[in-house]
Amino acid sequence: MNGDTTNPLRLLLVEDNALDRCVLLRALRYRQRPFYICEAVSVAAASALLQAHEFDVVLASSRLADGDGAMILQLVTSLPQHHPAVVILGHEDDDGLDEQCISYGAQAFLIREALQPCVLISTILQAHQHARLQEAMRLHLQQLQERAEHDALTGLYNRHVFDDCLNDCISRGERYGKPFGLLMIDLDKFKRVNDHWGHCTGDALLREAACRIAGISRSCDRACRIGGDEFAILLPELQQGNEPAVLAERLVAALQEPVRTGGRLLRIRASIGIALYPDDGHSALALLANADLAMYHSKRHGGRLGIPPSGMPAGLPAP
């Protein structure tokens, strides 16, 4: 919805005083400025309308029978997606309320005793434009953060996020004594795919592998691409010590399913190494070294799953 004068803005008016509501409705019709207006006489009614409809602007009284302007602001900021502009109508004796409402996210605060129709309408229009700019900036920053945290090819978290999460897991482990698991995953003979079929086929294979890794991972896990054909999964919440091995077995089964890309049927084969905190190390360096050691031990022996030196014998047989 844009802000030109031919396209009505969707406005929610929240006012429980019938006389004040009539005055505001008359002012909103000043100079024939088109608004599509819904009315609410309470915070509860405003909440229902905000959940059911999208509005461009909310014009709300600072004093309501079942709440105040701050509650209206909380309703707006808690909306999952669309956030309308908010203009609060206060009173001359609302000391400090204007600064409070602005700090809570209102685009404007007007004193109703000195309110003129032209000022009301111009403030609403400016608040709407301000909210649109804020939303555009929020989305832009969100996109920048997504790019900074996620691998561009696969959509998984990148190496930077992996390092931060690993260090966070170690810090929580040191503080609360909570164990966690680390899975290192390497696609076997992936270079041959690029050499024989080209990088487009290799990229498609990496994306499919990432999709399967993400699909197997639990919601609390962090699946990452740490470079090339190497992936990792951090398992921060372990109830049982065998959970990483169980997840790795499921992952092996999921990855070995054939992939059709470019008219070819290819099979992904991966070697997986496991390290557990604190059994296999208390530092990121030690955990990564042990997980890599287990993974390469499995790879050298034609296996699929490697267990760290402190655990069970490495190198389970390939299917």
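Any read-out appearing in this document is the output of simple, stated calculations on the displayed coordinates, not a laboratory observation. This one's a predicted model, so the numbers in the text were calculated from it and none came from an experiment. In this analysis, Cβ positions are derived from the backbone assuming ideal geometry, glycine residues included, and neighbour counts consider all displayed protein chains.
The modelled label-to-label distance between E149 and D168, using points 7 Å beyond Cα along the C-beta direction, is 0.8 nm. Projected label points at H53 and L238, each 7 Å from Cα along the beta carbon direction, are separated by 5.5 nanometres. Cα-based values for the stretch 159-306, radius of gyration first and Dmax second, are 15.4, 52 Å. Evaluating 6.51 cos²θ - 1.76 cosθ + 1.60 at θ = phi - 60° for every residue in the stretch 244-261, the Karplus couplings come out as x, 5, 5, 5, 5, 4, 5, 5, 4, 5, 5, 6, 7, 5, x, 10, 9, 8 Hz, glycine and proline recorded as x.
Extension gain, D93 to E113, is 6.2 nm, computed as 0.36 nm per intervening residue step minus the present C-alpha separation. Overall, the chain carries a charge dipole of about 1620 debye about its Cα centre when +1 sits on the Cβ of Lys and Arg and -1 on the Cβ of Asp and Glu, all other atoms neutral. Neighbours of C101 by Cβ distance under 11 Å: Lys/Arg scored +1, Asp/Glu scored -1, total -4. Taking every DSSP beta bridge that has both ends in the stretch 9-146, the antiparallel portion is near 10%. When R29, R175, R269 are arranged by Cβ crowding within 10 Å, least crowded first, meaning fewest neighbours, the order is R175, R29, R269. If the chain linking R192 and R175 were pulled fully straight, counting 0.36 nm for each residue of separation and taking away their Cα-Cα distance, it would gain 1.6 nm. Between T77 and A65, the simple spin-label model (points 7 angstrom out along Cα→Cβ) gives 2.8 nm.
For K299, the lysines whose Cα falls under 28 Å of its own Cα, not counting residues fewer than eight places away in the same chain, are K189, K191.
For Q134 and A289 in one chain, what is 0.36 nm times their gap in residues minus the Cα-Cα distance, to one decimal in nm?
51.3 nm
Entry for the chain at q = 0.07, 0.14 Å⁻¹: log10 I(q)/I(0) = -0.50, -0.92, Debye formula applied to identical alpha-carbon scatterers, no solvent contribution. In terms of the mean number of neighbouring beta-carbon atoms within 10 Å, the peptides 134-143, 92-101, 240-249 order highest first as 240-249, 92-101, 134-143. Along the axis of the charge dipole computed for the stretch 9-146 (Cβ charges of +1 for Lys and Arg, -1 for Asp and Glu, origin at the Cα centre), the listed residues P84, S42, L97 are led at the positive end by P84.
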